[in-house]
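Colleague: Please read through the structure below; I'll follow up with questions.
The values are calculated or read from the model by the stated rules, or taken from the named source; none is laboratory data. Values in this document were obtained by computation on a predicted structure and should not be read as measured data. Positions of Cβ are generated from backbone atoms using ideal geometry, with glycine treated the same way; all protein chains shown enter the neighbour counts. Keep in mind that these areas ignore ligands, DNA and RNA; they rest on the heavy atoms of the full protein, side chains included. Shrake-Rupley method; radii C 1.70, N 1.55, O 1.52, S 1.80 Å.
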Amino acid sequence: MDNGKYEPVIGLEVHAQMKTKSKAFCKCSTEYNAPPNTNVCPVCLGHPGTLPVLNKNLVEFILRLGLATNCTIRDRSIFARKNYFYPDLPKGYQISQYDQPVCYDGYLEIEGSKIGITRIHMEEDSGKSIHDFSTDDSLVDLNRCGVPLIEIVSEPDIKSPKQATEYLSKLKQLVVYLDICDGNMEEGSLRCDVNISVKAKDSKKFGTKCEIKNLNSFKNVTDALEYEIKRQTEVLEKGGGVIHQTMTYDAKSKTTSPMRSKEEAHDYRYFPEPDLVRVFVDQEWKNKIKSELPELPEQKAERFVKQYKIPSYDAEVLTQDRAIADYFENVCKGVGEKSFKAASNWVMTEVMRVLNEEKLEIADFRINGKNLSILINLIAEGKISNNIAKEVYAEMLKITDLSDEKQNPEFIVKEKNLLQLTDSAEIESAIKKIINENPNEVKRYKNGETKLLGFLVGKVMKETSGKANPKTVNDLLKQILLISNLR
Amino acid sequence: MAVTIHDVEHIANLAKLKFSDKEKEKLQVELNKVLDYIDTLNEIPNLDKVEPLENINDTENVFREDVPEKCLAKEEALKNAPDKTENFFKVPKVIDK
């Protein structure tokens, strides 16, 4: 997007719901989609006299992300109360962290640029309000109240909507790899607020920023930012000033509008949470988490290039999604070294095509790695051609029962009689038949129209229902035509 | 820093409380007294070198293991609510946040 003499300055605040089994400060389950108000207890309902106790895994999870994003880990940190009134917040405050977050001063690298991470802190989610129930009342479900979140705040280092989505997708990939968040934006496991201001390109001073809340898809992030950049640029071009405000984004009209928020909404009166003790992360704990960090995307890609001798482009595509990378490795387990590249091609093209077309996650993909490796082996052993393999693959996709032996490509090849003809006598007789049936083409070929060989090969392939090895047909056909030429 | 009437109104608003003008004046006086009393702390020498005490308890790292346990039954959870439906807490309409 060209804004002439203006450029945007963007920062992201991302909330990631942690994959703990129980809530941040009480023993209630974090299960998604439970019947309303069934995962609640006196602590998360904010009953008087109850005390929160911190979930150890929440600390472990945030340390994983902090270490993976090059953050400094604060050895001693505390929680704070963020005070505001809303019906889905029964205590009247959210337990969060304020001036002493656990992780700070990190960065993520995307496409060669470093995006700074100001801080990552722990907090709890609020409940859910339902407003469309009636005109007079709202309904409240407190299941989500107290579910652990971490908030990742970036520096205003992001220069375009495109870079914002690159940063977001990198962050999503990372939390999924670290196994701390399922990364599902539709279900709200990953939520994004953006801070955006526009400034003159030659100015060092930032413009007045607006915050856009709750952008729950990559597309919304891009569209909302593009709209807001345009809006703010127009205000500045007319000589006006941008008003500092919180906006909402409407995906239907692709526009932002100011939130109707109360005047003092931002006066949260943070103070140290007296009900929770300090968290102390010593070197030993940090080292332990560091040593247990899973292989991260870049490391995995590097290993794939070395171990499977695939191009770095392939390795990068295959490691985008940790589950796809695992799937690829599963396929490789079943094939010979020479077929690693073939395995990569099959996963990148055929498998990913189906995932895209059917909007599936690899976990729900019907063909298991073992059966795909059997298919690749059938090609490598010359038992079926690539084209036949695609037919078999289509058959495999039709089978929904994964345990079904019928999905085994060897079974399909046998049942559909697709085994490549290796018996040259059979191929020869097909060739002879085609020569007899196409005397004109044969004559023209002999008279120098050599490109007609392709036509004849095609006919023979058709005659053998595609089961003949095209190279064998090619060679045999040439030989036979040569002999008949001499006669 | 003296508490003004405007501060009193601001705090009352945040706490969702309403006061008459007379009550506001009274609160202004009282709040100022409280702050003056707290200001006594400023008499301590080298106060800026004293670390704030965040918690009276000097222990660290009190954790629970991440094991979910049975929660309250829905009926129990909703029992004390001033208003409810079969499954939800019911509150006066809230439109914005």
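Colleague: Would you work out the charge dipole size for the range A:424-486 about its Cα centre, treating the Cβ of every Lys and Arg as +1 and the Cβ of every Asp and Glu as -1, and quote it to the nearest 20 debye?
Modeller: 140
Colleague: Report the full-extension gain for the segment A:GLU410 to A:LYS252: residue separation times 0.36 nm, less the Cα-Cα distance, to one decimal in nm.
Modeller: The span from A:GLU410 to A:LYS252 would gain 51.9 nm if fully extended.
Colleague: Let me ask you something else. For chain A, with the dipole built from +1 on Lys and Arg beta-carbon atoms and -1 on Asp and Glu ones, taken about the Cα centre, which of A:PHE411, A:VAL176, A:LEU296 lies farthest toward the positive end?
Modeller: Of A:PHE411, A:VAL176, A:LEU296, it is A:PHE411.
Colleague: Same structure again: If you count, for every residue in A:83-90, the Cβ atoms of partner chains within 10 Å of its Cβ, what is the mean?
Modeller: Partner Cβ neighbours, averaged per residue: 3.
Colleague: Another question, then. Dipole of the range A:108-179 (Lys/Arg Cβ +1, Asp/Glu Cβ -1, origin at the Cα centre): which of A:ILE110, A:TYR167, A:PRO156 lies farthest to the positive side?
Modeller: Going by the Cα projections, it comes out as A:ILE110.
Colleague: Something else about it: Report in % the part of the accessible area of the protein assembly as shown that belongs to carbon and sulfur, leaving out ligands and nucleic acids; probe 1.4 Å.
Modeller: Carbon and sulfur together cover 51 percent of it.
Colleague: Then there's this: Across peptide A:28-34, how many C-beta atoms of other chains are within 10 Å of each residue C-beta, on average?
Modeller: For this peptide, the per-residue mean of nearby foreign Cβ atoms is 2.
Colleague: Grab the DSSP H runs of chain B that are 4 residues or longer, score each as -39,500 (n - 2.57), total them, divide by all residues and round the 222 nm result to the nearest 500 deg cm²/dmol.
Modeller: -10500 deg cm²/dmol
Colleague: Counting Lys and Arg as +1 and Asp and Glu as -1, what is the net charge of the other residues whose Cβ lies under 12 Å from the Cβ of A:THR118?
Modeller: Computed value for this residue: -4.
Colleague: Treating only the Cβ atoms of Lys and Arg (+1) and Asp and Glu (-1) as charged, compute the dipole magnitude of chain A about its Cα centre; round to the nearest 20 debye.
Modeller: 1440
Colleague: If the reach is capped at under 13 angstrom between alpha carbons, list the aspartates and glutamates near A:LYS341, excluding any in the same chain fewer than eight residues apart.
Modeller: Those aspartates and glutamates meeting the cut-off are A:ASP314, A:GLU329.
Colleague: Moving on to the next point. Taking 2.2 N^0.38 Å as the expected size of a compact globular protein, what ratio does the Cα radius of gyration of chain A give against it, to two decimals?
Modeller: So chain A has a normalised radius of gyration of 1.33.
Colleague: Would you calculate a helix-derived [θ] at 222 nm for chain A, using -39,500 (n - 2.57) for each DSSP H run of n ≥ 4 and dividing by the full residue count, to the nearest 500?
Modeller: -12000 deg cm²/dmol
Colleague: Kindly compute the accessible surface that chains A and B hide from a 1.4 Å probe when together, both sides summed, and give it to the nearest 100 Å².
Modeller: Answer for the A-B pair: about 4400 Å² buried.
Colleague: Let me ask something else. Near A:TYR268, within a Cβ-to-Cβ distance under 9 Å, what is the net charge of the other residues, with Lys and Arg +1 and Asp and Glu -1?
Modeller: Residues close to A:TYR268 contribute a combined charge of +2.
Colleague: What distance in nm separates the two pseudo spin-label positions at A:ILE480 and B:LYS93, each 7 Å out from Cα along the beta-carbon direction?
Modeller: Between A:ILE480 and B:LYS93, the label points sit 8.4 nm apart.
Colleague: Turning to a different aspect of this structure: Are there trypsin sites (Lys or Arg not before Pro) in the range A:1-81 that DSSP marks as loop and that have at most 16 other Cβ atoms within 10 Å, and which are they?
Modeller: Those that pass, being in a loop and sparsely packed, are A:LYS5, A:LYS21.
Colleague: In chain A, which whole DSSP H runs stretch at least 20 Å along their own axis (Cα) and average -0.5 or higher on the Kyte-Doolittle scale?
Modeller: Membrane-span-like by this rule: A:161-177, A:470-486.
Colleague: In degrees between 0 and 90, to the nearest 10, how far off the longest principal axis of chain B does helix B:5-14 point, with axes built from Cα atoms?
Modeller: Tilt of helix B:5-14: around 20 degrees.
Colleague: On to the next question. If amide H atoms are built 1.01 Å from N in the plane of the peptide, which residues on other chains or at least 5 residues away come under 5 Å of the amide H of A:ILE110?
Modeller: Long-range HN contacts for A:ILE110: A:ILE115.
Colleague: Can you find, among A:LEU89, A:ASN37, A:THR50, the residue farthest towards the positive end of the dipole of the range A:1-149? Put +1 on the C-beta of Lys and Arg, -1 on that of Asp and Glu.
Modeller: A:THR50
Colleague: Let me ask something else. Could you compute the longest span of chain A free of GluC sites (Glu not before Pro) located in DSSP loops and having at most 15 other Cβ atoms within 10 Å, not counting the site residues?
Modeller: A:32-110
Colleague: Continuing with the same structure: Could you tell me the convex hull volume per residue, in Å³, taken over the Cα atoms of the range A:163-279?
Modeller: 183
Colleague: Now for a different question. For chain B, give the magnitude of the charge dipole about the Cα centre (Cβ charges: +1 Lys/Arg, -1 Asp/Glu; no others), in debye to the nearest 20.
Modeller: It works out to roughly 780 debye.
Colleague: Averaged across B:79-92, how many Cβ atoms of other chains sit within 10 Å of each residue's Cβ atom?
Modeller: Per-residue shielding by partner chains comes out at 5.
Colleague: Moving on to the next point. If you take the square roots of the eigenvalues of the alpha-carbon gyration tensor of chain B and sort them as a ≥ b ≥ c, do you get rounded (a/c under 1.5), prolate (a/b over b/c) or oblate?
Modeller: Since a/c reaches 1.5 but b/c is at least a/b, the shape of chain B is classed as oblate.
Colleague: Hey, another quick one. Would you mind classifying the range A:240-394 by shape? Square roots of the alpha carbon gyration tensor eigenvalues, ordered a ≥ b ≥ c; an a/c under 1.5 is rounded, otherwise it is prolate if a/b is larger than b/c and oblate if not.
Modeller: Here the range A:240-394 falls in the oblate category.
Colleague: Shifting gears a bit: Near B:ASN42, within a Cβ-to-Cβ distance under 11 Å, what is the net charge of the other residues, with Lys and Arg +1 and Asp and Glu -1?
Modeller: Taking every other residue near B:ASN42 into account, the sum is -4.
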